[in-house]
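Trainee: Got a structure for you, questions after.
The values are calculated or read from the model by the stated rules, or taken from the named source; none is laboratory data. Note that the structure is a prediction, hence the values are computed from the model and not measured. A quick note on method: Cβ atoms are made from the backbone with ideal geometry, for glycine too, and the neighbour counts reach across all protein chains shown. Note: areas computed on protein heavy atoms with side chains; ligands, DNA, RNA excluded. Shrake-Rupley method; radii C 1.70, N 1.55, O 1.52, S 1.80 Å.
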Amino acid sequence: MGDIRLLLADVDGTLVTDDKALTDRAISAVHRLHDAGVIFALTSGRPPRGMAMLVEPLTLQGPIAAFNGGLIVTPDMSTIEQKTLPAELVPEIIATVCASIDAWVYQGADWFVTDPNAPHVEREAHTVQFGPTVVDSLGTITEAVAKITGVGDDHELVARISQDLGSRFGDHVAASRSQPYYVDVTHPEANKGGVVAYLSEYYDIDPAQIATIGDMPNDIAMFAPAGLSIAMGQSDDAVRAAADRVTASNAEEGFARAVEEYIL
C-alpha cells in the first residue's frame, strides 16, 4: 500500500490496549510512519483533553478530531472548528437517554455528570485523565453541546437506544456506539467519515490515499470513504465485514501490526 499518504486511527480499542496503555511497539510504528512521510492523525469519541497525553509520545503535529469530529483541535488543544448539537434538541435528547440509562454532557473542555459514582465515570476519568463537573441537572446545559453520551452496562439496550435516537432525531444528530456500553450523540456532520473528508481537504490528499483503522460501529463511517480500511481483530462481525483488512486485536499489537503489514 505504498500510495497511502495518511493513516487516521481511532484511539480506544485500536491505538491503545484495554487498560489504555500506549505500547512501545505502537509508538515505534507511528514514528516509522513519520519517517516514511505518512501523516498520522487521530479521531476519537474522547474530548480533546482526553487525547492530550498522546501528543508528545506520538509527536502529533496536525489536527486532532475529538468527539468523533465534533471538535477539531491543534496539538496544543486550541480549537480549529467545532460542530455542536442544535440547542433546542439537547433537552429532549438528554431526556430520551435518561429514560433508560445514565447521560453525560460535553460542552467545550468540560464534562458534566449528575452522579460521580455512576457506572464508568471513574474509569472514564482515568482514561481521559481529568474528572467531570458534577451538576444537579443536565437539562440546563443546552448551548454549544458537542456530545451527549448515554452510558449503560446492558449492551443490547445501549444498541437499541442508539438506533432509537437515530430514528427519532433523524438528520439532526449522529448517534453511534464508541464502546459497547456507550452511545455518542453528536452533530450530524460530526462523524468519522466527516473527519476523513476534513483531513482530505486540509492536507490536499485524495481519500483513496487515506487509510483508516478502528474497532467499533462508529468507525464504519470512516471506512467507506478511505482507500484502505482496517478493522481490529476484536471487532464485531459488522465492523470486520465493512473493512478491507482485519488485523490482530488491541491486546495483540493489532495497531502496530497493521501499520507494519498494510501501510509500511
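Trainee: Just to confirm my filter: which strands (runs of 3 or more DSSP E) fall fully inside segment 167-237 and include at least 2 residues that are of a type in the set (Val, Ile, Thr) and within 17 Å of residue 14 (Cβ to Cβ)?
Mentor: Strands (runs of 3 or more DSSP E) meeting the threshold: 210-214.
Trainee: Does segment 244-254 contain any residue that is among the β-branched types (Val, Ile, Thr), open to solvent by less than 40 Å² (accessible area, probe 1.4 Å), assigned to a strand (DSSP E or B) and without any contact (Cβ under 8 Å) to a residue 40 or more places away in the chain?
Mentor: So far as segment 244-254 goes, no, none of its residues is among the β-branched types (Val, Ile, Thr), open to solvent by less than 40 Å² (accessible area, probe 1.4 Å), assigned to a strand (DSSP E or B) and without any contact (Cβ under 8 Å) to a residue 40 or more places away in the chain.
Trainee: Continuing with this model, one more query. Among the numbered criteria (1) touching a strand residue (DSSP E or B) at 6+ places or on another chain (Cβ under 8 Å); (2) in a loop (DSSP other than H, G, I, E, B); (3) more than 22 Å from residue 50 (Cβ to Cβ), which single criterion is violated by residue 138?
Mentor: If we test residue 138 against (1) touching a strand residue (DSSP E or B) at 6+ places or on another chain (Cβ under 8 Å); (2) in a loop (DSSP other than H, G, I, E, B); (3) more than 22 Å from residue 50 (Cβ to Cβ), just (3) comes out false.
Trainee: OK, next. Considering only residues that are modelled with pLDDT of 95 or more and among the polar types (S, T, N, Q), look in segment 190-213 and name the one that is least open to solvent (accessible area, probe 1.4 Å).
Mentor: Within segment 190-213, the match that is least open to solvent (accessible area, probe 1.4 Å) is 212.
Trainee: Does residue 15 count as closer than 21 Å to residue 212 by Cβ, open to solvent by less than 40 Å² (accessible area, probe 1.4 Å), under 17 Å from the mean Cα position of the chain (by Cα) and not hydroxyl-bearing (Ser, Thr, Tyr)?
Mentor: yes
Trainee: Taking the condition modelled with pLDDT under 95 and surrounded by 21 or more Cβ atoms within 10 Å (Cβ to Cβ), does residue 218 pass?
Mentor: So residue 218 passes the test.
Trainee: Starting from residues that are of a type in the set (Ser, Thr, Tyr) and free of Cβ contacts under 8 Å to residues at least 12 places away in the same chain, keep the ones in segment 135-174 and report whichever is surrounded by the fewest Cβ atoms within 10 Å (Cβ to Cβ).
Mentor: Step one: of segment 135-174, the residues of a type in the set (Ser, Thr, Tyr) are 137, 140, 142, 149, 162, 167.
Now restrict to residues that are free of Cβ contacts under 8 Å to residues at least 12 places away in the same chain: 140, 167.
Values: 140: 12, 167: 9.
Only one residue tops the list, namely 167.
Trainee: Looking at (1) in a loop (DSSP other than H, G, I, E, B); (2) touching a residue at least 24 places away in the same chain (Cβ under 8 Å), which is the one condition that is false for residue 19?
Mentor: (2)
Trainee: Inspect segment 218-226 for any residue being under 14 Å from the mean Cα position of the chain (by Cα), more than 30 Å from residue 91 (Cα to Cα) and in contact (Cβ under 8 Å) with a residue 12 or more places away in the chain and give the result as yes or no.
Mentor: Yes, there is a match, as at least one residue in segment 218-226 is under 14 Å from the mean Cα position of the chain (by Cα), more than 30 Å from residue 91 (Cα to Cα) and in contact (Cβ under 8 Å) with a residue 12 or more places away in the chain.
Trainee: Of all the strands (runs of 3 or more DSSP E) wholly in segment 29-134, which have at least 2 residues that are over 28 Å from residue 259 (Cβ atoms) and open to solvent by less than 10 Å² (accessible area, probe 1.4 Å)? Before the answer, list the steps.
Mentor: Details: elements: 39-42, 64-66, 71-73, 79-82, 102-107, 110-113.
So the answer is 102-107, 110-113.
Trainee: If residue 241 satisfies every condition in (1) crowded, with 18+ Cβ neighbours inside 10 Å; (2) at pLDDT 95 or above; (3) part of a helix (DSSP H, G or I) but one, which is the exception?
Mentor: Unmet condition: (1).
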